[in-house]
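The structure's right below; bear with me while I get my questions together.
The values are calculated or read from the model by the stated rules, or taken from the named source; none is laboratory data. Please read all numbers here as calculations on a predicted model, not as lab measurements. Note that we place each Cβ from the backbone using ideal geometry, even for glycine, and neighbour counts take in every protein chain shown.
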Amino acid sequence: MQYRPLYLIAIFCLSLLACSRHPDQASLPPATIEGPTHIDSITVYADEAFRYIIDQEVRVYENDQPEQHLQVIYLPEAEVLKHLNTDSFSTVVIGRRLRESERTQLFKNNHITPDESCFARDAIALVANPAFPQDTLPYGLVGQLVAGRAEQYKVVFEGNGSGVLSYMFGLFSQTSGHSAFAVKNTDELVEYLQKDDKAIGFLPYDKISDEDVASVCDLLKKVKLLYVAKADSSGRIIASTASQSEIADESYPFARPINFIQHSMDQKVGTGFVNFLYKDRSGRIILKSGLVPAIMPSRTININTGGLK
């Protein structure tokens with residue numbers, strides 16, 4: 001019995017397969033397997049002041065939605081706004097609402113209108129050396145110091161180009177006074193205040209709001225948190241400080257929104273994350289951090305009407 005060589009049999013089988021294919025199939029590209037569309041996979045440019053709270057929100061959101069991803073780039077507010085103006089698909093987080101001039105310029109440059117959503121409230125905290133001679137500052141004096149019209153104390157801001165500078169100058173002055181300057185970060189601000197007991201520091205409350213964090217407790221031992229006295233709508237003088245309760249009841253005059261800003265588009269990306277920021281779970285994260293959510297998380301209370309057993 002004669003056996004054909006195995007390689008001849010293999011060639012014959014392959015030729016049959018080739019002849020059985022449709023003529024057009026030879027020119028078709030190889031099939032590809034498509035993965036998830038990732039409609040909520042976006043890059044968010046955020047004010048570096050909010051790293052602590054945003055990192056927590058993103059971590060929980062991505063844990064619930066493992067197929068989606070948010071890349072967050074933290075920058076000073078001035079740099080964040082540059083991306084809003086130059087990237088037609090950008091999403092940003094800053095500590096204030098856009099000014100009308102900024103909205104007008106954005107529409108002029110890109111023919112789009114931004115959507116702003118306040119999902120939490122922060123504040124600008126005033127801190128000083130523990131030996132600072134006052135516990136409370138009049139609101140008007142703070143304005144004079146920021147605008148450079150008073151020289152009793154030095155004014156120090158955290159972060160050059162930061163949202164702290166932008167917010168305070170927006171309230172009182174478009175330019176800083178001769179006695180105001182900025183340091184790089186919170187550690188440098190605290191270090192400066194320890195050397196000068198006549199200086200007042202301005203920093204995001206988010207940096208000192210969560211007292212369950214060891215580094216925050218250590219920082220608060222090195223500074224004095226100042227009160228600000230301002231007349232309310234009835235003319236009564238109210239002294240308040242940066243705290244969760246006084247941000248919530250709007251008695252503290254330097255409270256500010258944390259705004260999530262998107263361009264107006266027919267198909268928005270990131271809507272899943274935006275919706276998450278207004279849910280109960282997100283609200284509890286914000287409350288735990290010491291800030292104030294825009295929508296308070298609900299509480300379910302079960303009442304036993306059957307009597308004690």
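Provide a single number: the residues in the range 99-124 that are in a helix (DSSP H, G or I) and surrounded by 19 or more Cβ atoms within 10 Å (Cβ to Cβ).
So the answer is 1.
Can you tell me which residue among V80, V142, V58, V127 is part of a helix (DSSP H, G or I), in the same structural domain as K184 (by TED's automatic domain parsing) and surrounded by 17 or more Cβ atoms within 10 Å (Cβ to Cβ)?
V142
Exactly one of (1) touching a strand residue (DSSP E or B) at 6+ places or on another chain (Cβ under 8 Å); (2) in the same structural domain as K82 (by TED's automatic domain parsing) is unmet by I285. Its number?
Of the numbered conditions (1) touching a strand residue (DSSP E or B) at 6+ places or on another chain (Cβ under 8 Å); (2) in the same structural domain as K82 (by TED's automatic domain parsing), the odd one out for I285 is (1).
So, one more: Tell me, yes or no, whether the range 41-50 has at least one residue that is of a type in the set (A, V, I, L, M, F, W, C) and surrounded by fewer than 21 Cβ atoms within 10 Å (Cβ to Cβ).
no
Test each condition in (1) of a type in the set (F, W, Y); (2) within 23 Å of the chain's Cα centre (by Cα); (3) surrounded by fewer than 16 Cβ atoms within 10 Å (Cβ to Cβ) for F181 and report the one that comes out false.
Of (1) of a type in the set (F, W, Y); (2) within 23 Å of the chain's Cα centre (by Cα); (3) surrounded by fewer than 16 Cβ atoms within 10 Å (Cβ to Cβ), only one is false for F181: (2).
In the range 153-164, how many are at pLDDT 90 or above and not aromatic (F, W, Y)?
6
So A229 clears everything in (1) over 28 Å from T91 (Cα atoms); (2) in a strand (DSSP E or B); (3) within 20 Å of the chain's Cα centre (by Cα) except one condition, right? Which one?
Among (1) over 28 Å from T91 (Cα atoms); (2) in a strand (DSSP E or B); (3) within 20 Å of the chain's Cα centre (by Cα), A229 violates only (3).
Identify the residue in the range 242-268 that is of a type in the set (A, V, I, L, M) and buried (at least 17 other Cβ atoms within 10 Å of the Cβ) and, among all such residues, is modelled with the lowest pLDDT.
Of everything passing the filter in the range 242-268, I261 is modelled with the lowest pLDDT.
Would you check which residues across the range 145-171 are within 25 Å of R96 (Cα to Cα) and in a loop (DSSP other than H, G, I, E, B) and list them?
Of everything in the range 145-171, those that are within 25 Å of R96 (Cα to Cα) and in a loop (DSSP other than H, G, I, E, B) turn out to be G148, R149, G159, N160, G161, S162.
Pairs only if they're at least six apart or on different chains, beta carbon under 6 angstrom, first in the range 219-248 and assigned by TED's automatic domain parsing to the domain that holds L126 and without any contact (Cβ under 8 Å) to a residue 24 or more places away in the chain, second part of a strand (DSSP E or B) and of a type in the set (S, T, N, Q); list them, first residue then second.
Qualifying pairs under 6 Å: E246/S240.
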